[in-house]
Amino acid sequence: MRRATIRTKLEDADVIAASVAPDNTPEIETSVEDGAVVTTIERETSGGLQSTVDDYVVNLSVAEQVVRTAQKAQTTRTAQIANDDTNTNHE
């Protein structure tokens, strides 16, 4: 059995780990340790391990981008609401 452990230090590691966890198979385990997403992948062959690691890294990257985009949108929306609340010139 071949094994790889990938440790990625990220802000919002818990949210990102939850985002990639649905893609886990019986050979993949994802957890959060000390602010890092930690994923262990086991496969029978080196080629299978490499393919799975490649897929996982892409999924992790997409999950991180989605979280950042959602946070940015939330910040923008919060600022718009705050601006609307302070605008007293209602025409």
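State the number of residues belonging to the stretch 47-62 that are among the acidic types (Asp, Glu) and surrounded by 13 or more Cβ atoms within 10 Å (Cβ to Cβ).
Of the residues in that region, 1 qualify.
Give the stretch 41-57 a look and list any residue that's within 22 Å of Ala18 (Cα to Cα) and among the polar types (S, T, N, Q), or say none.
Ser51, Thr52
Looking only at the stretch 1-18, count every residue that is in a loop (DSSP other than H, G, I, E, B) and either over 22 Å from Gln50 (Cα atoms) or among the charged types (D, E, K, R) (or both) and tell me the total.
Selection size over the stretch 1-18: 3.
Within the stretch 45-53, is there a residue that is out of contact with any strand residue (DSSP E or B) (no Cβ under 6 Å at 6 or more places or on another chain) and part of a loop (DSSP other than H, G, I, E, B)?
Checked against the condition, which is being out of contact with any strand residue (DSSP E or B) (no Cβ under 6 Å at 6 or more places or on another chain) and part of a loop (DSSP other than H, G, I, E, B), the stretch 45-53 yields at least one hit.
Starting from the stretch 62-73, keep only residues that are among the charged types (D, E, K, R), then list their pairs with residues that are assigned to a helix (DSSP H, G or I) whose Cβ atoms are within a distance under 7 Å, requiring at least 6 positions of separation or different chains.
Matching pairs, first to second residue: Glu64/Ile16.
Kindly indicate the residue of the stretch 2-25 that is over 17 Å from Ser61 (Cβ atoms) and modelled with pLDDT of 95 or more and also surrounded by the most Cβ atoms within 10 Å (Cβ to Cβ) among those meeting that condition.
Out of the qualifying residues, it is Arg2.
Among the numbered criteria (1) within 12 Å of the chain's Cα centre (by Cα); (2) crowded, with 17+ Cβ neighbours inside 10 Å; (3) outside any strand (DSSP E or B), which one does Val37 miss?
Status for Val37: all satisfied but (3).
The values are calculated or read from the model by the stated rules, or taken from the named source; none is laboratory data. Just so it is clear, the structure is predicted and the values come from calculations on it, not from any experiment. Cβ sites come from the backbone with ideal geometry, for glycine too, and all protein chains shown count toward neighbours.
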